[in-house]
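I have placed the structure first, in the form of structure tokens, so that the comments after it can refer back to it.
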2 protein chains.
Amino acid sequence: MAAVEIEAAKSVEDVMAEMGRRARIAARALALAPTAAKDAALAAMATEIRKATPAILAANALDVADGKAKGLSGSFIDRLILTEARIEAMAAGLEAIAALADPVGRVLAAWDRPNGLHIERVATPLGVIGIIYESRPNVTADAGALCLKSGNAAILRGGSDALRSSIAIVAALKRGLAAAGLPEDAVQLVPTADRAAVGLMLTGLSGAIDVIVPRGGKSLVARVQSEARVPVFSHLEGICHVYVDKGADLDMAVRLVVNAKMRRTGICGAAETLLVDRACAATHLPPIVAALREKGCEIRASQEVLALVPDAVPATEADWSTEYLDAILSVALVDGVDGAIAHIERYGSHHTEAIVTENAATAERFLSEIDSAILLWNASTQFADGGEFGMGAEIGIATGKMHARGPVGVDQLVSFNYRVRGHGQTRP
Amino acid sequence: MAAVEIEAAKSVEDVMAEMGRRARIAARALALAPTAAKDAALAAMATEIRKATPAILAANALDVADGKAKGLSGSFIDRLILTEARIEAMAAGLEAIAALADPVGRVLAAWDRPNGLHIERVATPLGVIGIIYESRPNVTADAGALCLKSGNAAILRGGSDALRSSIAIVAALKRGLAAAGLPEDAVQLVPTADRAAVGLMLTGLSGAIDVIVPRGGKSLVARVQSEARVPVFSHLEGICHVYVDKGADLDMAVRLVVNAKMRRTGICGAAETLLVDRACAATHLPPIVAALREKGCEIRASQEVLALVPDAVPATEADWSTEYLDAILSVALVDGVDGAIAHIERYGSHHTEAIVTENAATAERFLSEIDSAILLWNASTQFADGGEFGMGAEIGIATGKMHARGPVGVDQLVSFNYRVRGHGQTRP
């Protein structure tokens, strides 16, 4: 592959600098590309992904074989492995992104000034987006497509264990871009497993990268926080809470807590702490715990909870700020919604929190007084997902408060500018 | 003053850490404060500023005397000096900010999902905003008030030559906050001239600061770019262009160019480069240059322009990317709007650009194809200002593309979160 030849011949610094230059040129073309051209490219990319299924499967088989030989975990291999069905889902995902409304060029606001100036705020692309992600080949297609739809060039740096899979996928995406007359450099993949490439991306490649989207574990987050010289859509932990209020319907509480914790334990929207109103602990806590245990969940209990659930594991202070991403739930009692809000503001990570109650006034306080990206009333925290929000795919979930917050879809991958129409006005 | 006593007794690290802790507590209270309480505080702050006029003038006189003794420039002293009229303008500015709509709690978008979930995106405060600015006492009041209106706590670090003036102003603001029952720590002033305080703010004070607004010259910008560990509303240069198209009305072109360059030469929205369509250079350039020279403007001319304006100063390559902030204008000819767009994309700073033309199609290309924060058609670049945009005061102008772009008013000093209302939905 051409990309691999470049890697062999040049230093990683040269390779990355060249990618940055190409991305900027492509970004300029994408910013001016009409919606129809972007959508035609996404459709062609889906076609090319389907046509390339044998080549992608062959590349993926090599990645998977190496991964197994290295002793990577079962869940890691599960995220890495591709099948015909998964490749078809990837192609369908590209078509779904094509079907979204174009976020670029939308008039976000418009008003007139007393002096006759007409001002519009109009959505524009961000420019070049760098995405640093895990060894999940499907992210390669999703992230490239989300950037394209929003008029941005993408520099993708996926986990090295999926490099051959991603190279095969990006080759198909580039054929789709070319078929639609858009620059192939709209989607570029870092062609090396050298971790120095990540550091170079975090410097912004001499101004070539406008924003970095880091996806991954704590070591990547820490590295981004210390090294990034460009804006970042930060994603810290998801220490998500479910609060069961005394006004909760018991049956609903059981269903929501079990779903929030156990549907999938490894996602950032999985609940990690259950807070139960002292006023209903005696009636509500035992059936909730019983239902969780039936699904195999371990309970880490506060002293008070231990009195009601004597065989639970005693929680330590560290448990209240731990993202288990596993079948473990810390459980504490609180004094009503005030106690829940105080606990969440103290220990939470401002990601996603849910309240279960039939009391609307109590629910509204929870929704309006907690400073988290997503707050839910009588719904599972596992809805913390761009697809579930109706945004189409998401490039990640942001826990920072700047620019984007919560699921980051195409509507969050744009900036804006002001377009002012006058008839000769000068400023007095 | 209490602040000065703290300075004497503690290290700058301790002082700043304490300010960060207090700001976080105040921010929590401000986020929950009703609109009426914030507006009452702003009105009381205006009252207290007026009542404190003698004390503020006395403090300012000391700053001005020291500044003159240090040999600070006349324009520096002009920005530093306060008068009764300027203090009244400061108070009136607080009342104008009180009259703005509250940006917090606004529902930015709302939609329903097929599963019955109702999703709202609601504006929320950013948290704690650190503002680093010049020795301009009026910014102390403006910035504090803009943060308060948008539900944010402010940590203000003004230029050290205005420290006594700012201490007197902030004391009045705190009395206004207290009168309205809001925490005095909502507006805090760094009580020391030690430049280490700036570095500490750029680290974010252990997570206490959510965003930094730097206002100032190139040395501050450079320091922020290399040291900031928190998000920044960046403001780079304003290398603003006016393009006079062959479709321009000559009289309008003369008026707009003169206003864009000469109304005030020291502001970031002042024009620095004039581009004239080759097709109308012979007719349009000489009268524009004559009008500029009549106002005392020096012309730095490209080779072609020198042919039409033989006594102009020859421009060097550096002129095309120089922000003069003075009565100097670089002038070049271009091939129509395409040439103008290419020049601006190559040399501009993505701040503000204007086109003069009667041709709507040409104007729309200029507005839609240039990636700058503000684009104007038949209006002066000097309108690049939050007040002129109808935003009330502005805390600065952002040239970055993340979160805010262009004038940063109260509507840009907020984040958002998602509030999801269900009736027991679990994720399948």
From the list A:L182, A:L177, A:L220, which residue is of a type in the set (A, V, I, L, M, F, W, C), under 27 Å from A:D63 (Cα atoms) and modelled with pLDDT of 95 or more? A:L177
Which is touching a Phe, Trp or Tyr at 6+ places or on another chain (Cβ under 8 Å) and either within 14 Å of another protein chain (Cβ to nearest Cβ) or in a helix (DSSP H, G or I) (or both), of B:G105, B:G67? B:G67
Scanning region A:205-220 for residues that are buried (at least 18 other Cβ atoms within 10 Å of the Cβ) and within 14 Å of another protein chain (Cβ to nearest Cβ), the one nearest to A:P407 (Cα to Cα) turns out to be A:V213
Kindly provide the set of residues from region B:182-213 that are touching a residue at least 60 places away in the same chain (Cβ under 8 Å) and assigned to a strand (DSSP E or B), ordered by number. B:Q188, B:L189, B:V211, B:I212, B:V213
Cβ-Cβ distance below 9 Å, separation of 6 or more or different chains: which pairs start in region A:227-241 with a residue that is within 9 Å of chain B (Cβ to nearest Cβ) and end on one that is basic (K, R) and surrounded by 19 or more Cβ atoms within 10 Å (Cβ to Cβ)? A:P231/B:K401
Go through the residues of region B:283-296 one by one and say whether even a single one is small (G, A, S), in contact with a strand residue (DSSP E or B) (Cβ under 8 Å, 6 or more places away or on another chain) and in contact (Cβ under 8 Å) with a residue 12 or more places away in the chain. no
Do you know which residues across region A:69-91 are surrounded by 18 or more Cβ atoms within 10 Å (Cβ to Cβ) and among the charged types (D, E, K, R)? A:R79
Can you find even one residue in region B:263-273 that is more than 9 Å from chain A (Cβ to nearest Cβ), part of a strand (DSSP E or B) and either surrounded by fewer than 21 Cβ atoms within 10 Å (Cβ to Cβ) or among the hydroxyl-bearing types (S, T, Y) (or both)? yes
In region B:27-56, the residues that are within 14 Å of chain A (Cβ to nearest Cβ) and assigned to a helix (DSSP H, G or I): B:A27, B:R28, B:A29, B:L30, B:A31, B:L32, B:T35
Do any residues in region A:409-424 that are at positive phi have Cβ atoms under 6 Å from those of residues that are surrounded by fewer than 22 Cβ atoms within 10 Å (Cβ to Cβ) and not in a strand (DSSP E or B), where the two are at least six apart or on different chains, and which pairs are they? A:G424/B:M252
Would you be able to tell me the number of residues in region B:305-321 that are more than 32 Å from the chain's Cα centre (by Cα) and surrounded by 16 or more Cβ atoms within 10 Å (Cβ to Cβ)? 5
Wholly inside region B:322-414, strands (runs of 3 or more DSSP E) that include 3 or more residues that are over 23 Å from the mean Cα position of the chain (by Cα) and away from chain A (no Cβ under 11 Å) are B:328-334
Can you find a residue in region B:160-179 that is surrounded by 20 or more Cβ atoms within 10 Å (Cβ to Cβ) and outside any helix (DSSP H, G or I)? no
Of all residues in region B:238-262 being outside any helix (DSSP H, G or I) and more than 14 Å from B:L285 (Cβ to Cβ), which is modelled with the lowest pLDDT? B:G238
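The values are calculated or read from the model by the stated rules, or taken from the named source; none is laboratory data. Keep in mind it's a predicted model, so treat the numbers as computed, not measured. We place every Cβ from the backbone using ideal geometry, glycine too, and count neighbours over all the protein chains shown.
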